[in-house]
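The values are calculated or read from the model by the stated rules, or taken from the named source; none is laboratory data. Nothing here was measured: the structure is a model prediction, and the numbers come from that model. Cβ coordinates were reconstructed from backbone atoms using ideal geometry, including for glycine residues, and neighbour counts include every protein chain displayed. Calculation scope for accessible area: heavy atoms of the full protein, side chains included, ligands and nucleic acids excluded. Shrake-Rupley method; radii C 1.70, N 1.55, O 1.52, S 1.80 Å.
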Amino acid sequence: MHVRHLPAAALLLACCASPVSPQQPFALQGTIVTPSQVLQNGSISISGNLIEDVSASPAGTQNSAIVTDSFIFPGLIDVHDHITWNMLPRWRPNRTFRNRYEWQQTDAYSIALSQPHYAITSDHELACDADRFGEIKAIVGGATSVVGGLAPTYGTNDNACILGLVRNLDIDAGFTGSVLNQAKVWYTIYPLEMSLSTEAEVSAGLKSGAITAFLIHAGEGSTTDAAAAQEFQMLAKNGDGFLRPGVSFIHGTAFNAEDFAEMAKAGVGLIWSPRSNIELYGSTTDVRSAKSAGVKIALAPDWSPTGSDGMLEELKYAATWNAAQYPPVFSEIDLANMATAIPAQLAAADKQIGSLAKGMYADLLLLRKKGTDPYQTLVQAALADVRLVVIDGVPVYGDVDLMNKLLPGRNLEQLTVCGAPKLLYMEPQAGIPETAKTFRQISEELKSKLEQWGTSLAELAPCSGSDLN
Ligand SMILES: [Zn+2]
């Protein structure tokens, strides 16, 4: 997909956010996928928001590592999403389209998605609810970082309610020195959101280092759509040209092998969203050509109305698609990297996230062990198998045993995900009342408004594999 951001009504907040309160240092024991190597019975210790140590020994540097019986991965990094849209139920237009412009002009899209989305996001309070619902959905789906959360109303910081859950790489990554709405990662839809002045600003920003990553929707349509295909040449020529390191094209469904060869040569990445492509256009990007040309490819869900509900579901979708290719395009290790190390590189954040090593930010995903192969477990995981999600050193979601051990005495909210009891921890941010709401309150407020528009609130989690279509 996508459409323009429809920002919330202006409301200036009195204050700024404070970081979540520091956790006690803790250590987790399990099979650690760094992801460049697998430590069969290792431990990882966390102090503040950083990884203090990754050890091949189960005790590590601490005597009290919690036994998790899990595969411990870097948190998954979602570099293509539209978080506030993920409150909306799946959209089944029962047809396919030539390109994004075609479906955006249909009444069916307007009634099912854009009108209810506008009604919600033009109200500040509900816009925050929608963002936080979408972030919780992303976390339940295995992500610790996203791109595409709630944008500010022009010239304001009224989207501070995004703070405190996932890392919003394009809004405020939460790394040392990051500032709300001054992120060095830019996320845009070409050409809808790209005026001549934006082109000039991005070109200059990429040259000066003010912008370190530019993630841009381009070439979104069927594999034979000429209008979508033409966007490659336009981007190559416009401004100073966007075939340069730091740039990644999202979708590229209409691009061909020659385009991918040029991208590889110029150091341009690709962000692949197969489920949304196949549901909207009946086909997806020629990732075999992109891979053999040497393009770095990340995997991301796009949005849940026509894509996956989250990263784990998109991994499962991609693995299923891949198994039907002859020969398969990707290995399971490739797919794991496409959800961790590679998106970190494309977001210019690989010194901070995307792998597990001393000094990296502590963003983790723990999955229940099924068998002995961590990569197979990752691409086949059910959402009930998520044992724990740690973001910025804070355990935010997971199984009851681990959450209670890690956060004794904290205010944890019970959720049931695909029949499994889970606990969620959302620490209110100082001066931002929207962050004090429970998941239940958020859901009820959204549900009531969405029902006025003849629709309903999306499921938090997809629980049946048979929903893949
Ligand atoms: Zn999109």
inquiry  = Out of all DSSP beta bridges in the chain, what portion is antiparallel? Express it as a percent rounded to 5.
reply    = 60
request  = Please sort by residue number the trypsin sites (Lys or Arg not before Pro) in segment 410-464 whose DSSP state is loop and whose Cβ has at most 16 other Cβ atoms within 10 Å.
outcome  = Arg410
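Distance check, please: which entries in Lys291/Lys316; Lys137/Lys207; Lys370/Lys422; Lys137/Lys422 exceed 24 angstrom between their Cα atoms?
Values: Lys291/Lys316 19 Å; Lys137/Lys207 36 Å; Lys370/Lys422 19 Å; Lys137/Lys422 13 Å.
The answer is Lys137/Lys207.
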ask   = What whole-number value in Å² describes the accessible area per residue of the chain for a 1.4 Å probe?
value = 37
message = Within the chain, what whole-number % of the accessible surface is contributed by carbon and sulfur, with the 1.4 Å probe and all protein chains included in the calculation?
response = 53
query = For Thr224 and Asp240 in the same chain, what is the full-extension length gain: residue separation times 0.36 nm, less their Cα-Cα distance, in nm?
reply = 3.0 nm
note = With +1 on the Cβ of every Lys and Arg and -1 on the Cβ of every Asp and Glu, the dipole magnitude of the chain about its Cα centre, in debye rounded to the nearest 20, is 580
Helix-only [θ]222 nm of the chain, DSSP H runs n ≥ 4, -39500 (n - 2.57) each, per residue, nearest 500 = -8000 deg cm²/dmol
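Are there chymotrypsin sites (Phe, Trp or Tyr not before Pro) in segment 106-215 that DSSP puts in a loop and that have at most 16 other Cβ atoms within 10 Å, and which ones? Show your work: numbers first, answer last.
Values: sites: Tyr109, Tyr118, Phe133, Tyr154, Phe175, Trp186, Tyr187, Phe214; in loops: Tyr154, Phe175.
Within segment 106-215, the qualifying chymotrypsin sites (Phe, Trp or Tyr not before Pro) (loop, at most 16 other Cβ atoms within 10 Å) are Tyr154.
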Residues of segment 273-294 with amide N under 18 Å of the 7 Å Cα→Cβ point at Ala261 = 286-294
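What does the C-alpha gyration tensor say about the overall shape of segment 79-174? Classify as rounded when a/c is under 1.5, otherwise prolate if a/b is larger than b/c, or oblate. Write out the running numbers ahead of the final one.
On the way: a/c = 2.02, a/b = 1.57, b/c = 1.29.
Note, shape of segment 79-174 comes out prolate.
How would you classify segment 77-346 from its alpha-carbon gyration tensor, with a ≥ b ≥ c the square roots of the eigenvalues: rounded for a/c under 1.5, else prolate if a/b is greater than b/c, otherwise oblate? Working shown, then result.
Numbers: a/c = 1.32, a/b = 1.13, b/c = 1.16.
In terms of gyration-tensor shape, rounded.
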task = Work from the charge dipole of the chain (Cβ charges, +1 for Lys and Arg, -1 for Asp and Glu, about the Cα centre) and give the residue of Thr176, Ile44, Gly205 farthest towards its positive end.
result = Ile44
query = Over what distance in Å are the Cα centres of segment 154-174 and segment 236-267 separated?
reply = 28
note = So, with points 7 Å from each Cα along the Cβ direction, the Thr106-Arg90 label distance in nm works out to 1.5
query = By how many nm would the segment from Leu196 to Ala56 grow when fully extended, if each residue of separation counts as 0.36 nm and the alpha-carbon distance is taken off?
reply = 45.2 nm
Karplus 3J(HN,Hα) series, Hz, for segment 170-184 with 6.51 cos²θ - 1.76 cosθ + 1.60 (x for Gly, Pro) = 9, 10, 6, 6, x, 7, 3, x, 6, 10, 3, 6, 10, 5, 8
request  = For Gln414 paired with Asp401, estimate the spin-label separation in nm (one decimal), with each label point 7 Å from Cα along the Cα-to-Cβ line.
outcome  = 1.9
DSSP bridge pairs, segment 77-346: antiparallel proportion in percent, nearest 5 = 10
request  = With a ≥ b ≥ c taken as the square roots of the eigenvalues of the C-alpha gyration tensor of the chain, please select rounded if a/c is under 1.5 and otherwise prolate if a/b is larger than b/c or oblate if it is not?
outcome  = rounded
